[in-house]
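Following: one structure in structure tokens, then a few remarks.
Rule-based calculations on the coordinates, nothing more; no lab input. Every value quoted in this text rests on a predicted model; they were computed, and no experiment measured them. Neighbour counts are summed over all protein chains in view; Cβ atoms, including those assigned to glycine, are modelled from backbone coordinates with ideal geometry.
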Amino acid sequence: MEFVAATNNAHKLKEMRRILERMGHTVLSQKEAGVSLDPEENGTTFSENACIKAQAICEACQKPTVADDSGLCVEALNGAPGVYSARYCGRHGDDGANNQKLMQEMTNVPPHKRGAKFVSAICIWLPNQRHAVFEGECRGSIGFEERGENGFGYDPLFIPDEVGIPGTGETLPNVSHRTYAELSADEKDAISHRGRALQLLEAQLPDFLADASIIGMASGPAQSL
């Protein structure tokens, strides 16, 4: 199936394209679809923001569209930065400043209280207004320093509980405490919040396409810690 990825984030586009193409789909960027919109993400949940983006881009290009809204929820910060993850420092998309603020907020938090999870809500929106949301999460903890060069956003600070075994679909405990940014693409995709949400989409896509009554399919709540 061909999808338009509703994102202007080059890192997110690369990751969504990599995962969906591995599943046999084709992914167009907004530019390739002739769309230059940047919808305002004013929802209060990841799912709401994903739907806002997917609907706007789908209506502009009249092609099946997938959008991701994702973020980091930290237990010691009562779930922050949450839906404000991309603009935690006060401006949008400054990964370095966001990471610096997170480390400052976590300065006096001991190792056993640094639990966190990454959450992703993936919305698929069709030109006939039918849509569904699939939610995935990855649990882990926040490190004391940034490590790794492979990721983006908070990846250098997030230590997942598990890592994927490339080519098997299986996972192992992250005994070496590597961050998202220290994992290979295959190791990360197998356990990441975005990878898991897209796996749910893939598993349920045939039913969604076949049943015209399905709107708003989801895997369950993704906001609470």
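Going by alpha carbons, how many degrees (0 to 90, nearest 10) lie between the helix axis of 10-22 and the longest principal axis of the chain? Once rounded, the angle reads 60 degrees.
Each residue in K188, K14, K117 was given a count of other beta-carbon atoms within 10 angstrom of its own, and listing them fewest first yields K14, K117, K188. GNM remark for the chain: springs join alpha carbons under 10 Å apart, and the peak mean-square fluctuation among A203, A80, A50 falls on A203. Based on C-alpha pairs under 8 angstrom that are at least 6 apart in sequence, the chain has a relative contact order of 18 percent.
Length gained on full extension, D161 to D211: 14.4 nm, using 0.36 nm per residue less the C-alpha separation. The C-alpha atoms of the chain define a longest principal axis, and helix 95-105 lies at about 50 degrees to it. The packing ranking, built from the mean of other Cβ atoms within 10 Å per residue, places the peptides 148-159, 63-74, 163-174 in the order 63-74, 148-159, 163-174, highest first. Taking the number of Cβ atoms within 10 Å of each Cβ as an exposure proxy, the fewest-first ranking of E202, E137, E145 is E145, E202, E137. Anyone know which of D189, D161, D94 comes out most mobile in the 10 Å Cα GNM of the chain? Judging by the Gaussian network model, the answer is D94. Put in order of Cβ neighbour count within 10 Å, fewest first, the listed residues R194, R17 become R17, R194.
Pairs from the list K53/K117; K31/K188; K12/K188; K31/K53; K14/K188 with a Cα-Cα gap above 18 Å: K53/K117; K31/K188. In the chain, the longest principal axis of the Cα atoms and the axis of helix 46-61 are about 40 degrees apart.
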